[in-house]
Amino acid sequence: MDCAQLAPLYEEYALGVLEGEERAEIEAHLARACPHCTPGIEKARWVVAQLAQVAPEAQPPESLRRKVVDSVRKSAAVVEIARPVESRAMFPAWAWVAAAALALVTGYSIRQMGNQNAQLAELRKEMKLATMQNQALQDQLEQGRMIASVMMSPDSMPLKLMPKDKNMPMVHAYLHPHMGVAVTADQMPAMPAARTLQLWFVPKKGQPMSIAIFRPNSEGQIAIVAPVNMPMNEIAALAVTEEPAGGSPQPTTNPAWIAKVN
Amino acid sequence: MLLAVVQTWPEGDQPTDASLMERILQRDSTALETLYDRYARPVYSLVLRISQQPASAEEIVQDVFLQLWRNAKRYQAARGPLEPWLFTVARNRALDFLRLKREKQRRREDSADFDLPPSAVVRPDPEGAIDQSRRAERVRALMGSLPEAQRRAIELAFFDGMSHSEISAAIGEPLGTVKSWIRGGLLRLRESLEEARS
């Protein structure tokens, strides 16, 4: 279908009622950032969102405002305290170049003093380590951006993966048809080195498909993003199982967390 | 372009949504408070209509505004004004809650009763919300002018997250009729909103 044929369907797509081939056609146009359909859908989202005005007007309780404001103020205070750490994490590339140049100058002076080889080798080692640390931070930052992008997209389907063990925390997932699936959790217990967690798409027909292998970090947090390699309407459920380190081709344990999708 | 002419906050003395989002990026919590005061009522009304549970509606609304605070960088002003974006996020969250609740009911694990929504209490609009108020009147008038079955079909889609075929089954009308009603109603809504802005 071409853009002209899809245009009358934009509002229905934004409303979420469109199914089958018509829905797939629009998503294909969006996936390739179609210059007609992308702004058309954005406009349709605005139109459809106005249906919220039909809801009977109700006043949120004052206690809700207090909760939101308190949480935000606490969060702002934490950010303020954490800012020195954050600024280090955001150390810009030019600063690394400057640091590297300084290290070279220092190395030159040391060489002039007579023990250049050992000192230079040490500096190179430090620079290599610093470069690796910088790359790791950049990777983390990029992953954080991708996770936030999936979480905040109106097209993402938020899911709560319920734990089988009620003492375990809930795992949150955000399923986006194109950007992937983001999975987050807090307060996860530490895992033995020989075990890992594995995320599965459970299709309506066929075997579960492995999506990601991951472990909570040292603070008990999970924040990963992985591609969606199955049409969303074919996914029956998302499940997380505990598996031997390195993962398994198929689940070897019952799901520790699960959420129904379709 | 419709988006180009949509002004989210036309009053001169009031900070725009975009400027408030800029301040949120600077971690100015008072900017978030201003946005909350501006949008909490329509967002809460929407979420309560979908969830039908005041306690759950509060939780969802709190989550929506905290996500706005935490992920302000991801809000792209170029994609359009903030209000429909907030409505879309809030609707998605509330529908997710609704689907989860239906699933629990199917499993007979959820014995909680539906809370009746509190009687609607309407606070007078602040001066800056006049544009929003007029738009709301226009949308309500249009929906009110539709035949009841057509209006019902659109509301089942928007507030209950049903697809064409689910609505067809729910109201016992042919699928083609449901599609035609919804498409026709949405096109009229689009035309009405464009007309209001021209």
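The values are calculated or read from the model by the stated rules, or taken from the named source; none is laboratory data. Only a predicted model underlies this, so the values are computations on that prediction, with no experimental measurement involved. We place every Cβ from the backbone using ideal geometry, glycine too, and count neighbours over all the protein chains shown.
For this structure, a couple of remarks:
- Filtered residue count, the stretch A:196-249, keeping only those that are part of a loop (DSSP other than H, G, I, E, B) and surrounded by 18 or more Cβ atoms within 10 Å (Cβ to Cβ): 2
- Of all the listed residues (B:Arg138, B:Arg93), the sole one being in the same structural domain as B:Gly184 (by TED's automatic domain parsing) and either at pLDDT 85 or above or in a helix (DSSP H, G or I) (or both) is B:Arg138.
- Filter pass, A:Asn217 being free of Cβ contacts under 8 Å to residues at least 12 places away in the same chain and either hydroxyl-bearing (Ser, Thr, Tyr) or more than 14 Å from chain B (Cβ to nearest Cβ) (or both): yes
- Inspection of the stretch B:54-74 identifies at least one residue that is surrounded by fewer than 20 Cβ atoms within 10 Å (Cβ to Cβ), in a helix (DSSP H, G or I) and modelled with pLDDT under 80.
- The residues of the stretch A:149-191 that are among the hydrophobic types (A, V, I, L, M, F, W, C) and free of Cβ contacts under 8 Å to residues at least 12 places away in the same chain amount to a single one, A:Met152.
- Looking at B:Pro124, B:Pro118, just one residue is modelled with pLDDT under 50, farther than 27 Å from A:Asp155 by Cα and at the interface with chain A (Cβ under 9 Å from one of its Cβ atoms), and that residue is B:Pro118.
- When the residues of the stretch A:149-168 are filtered to those that are in contact with a strand residue (DSSP E or B) (Cβ under 6 Å, 6 or more places away or on another chain) and more than 9 Å from chain B (Cβ to nearest Cβ), the one that is farthest from A:Ala24 (Cα to Cα) is A:Pro163.
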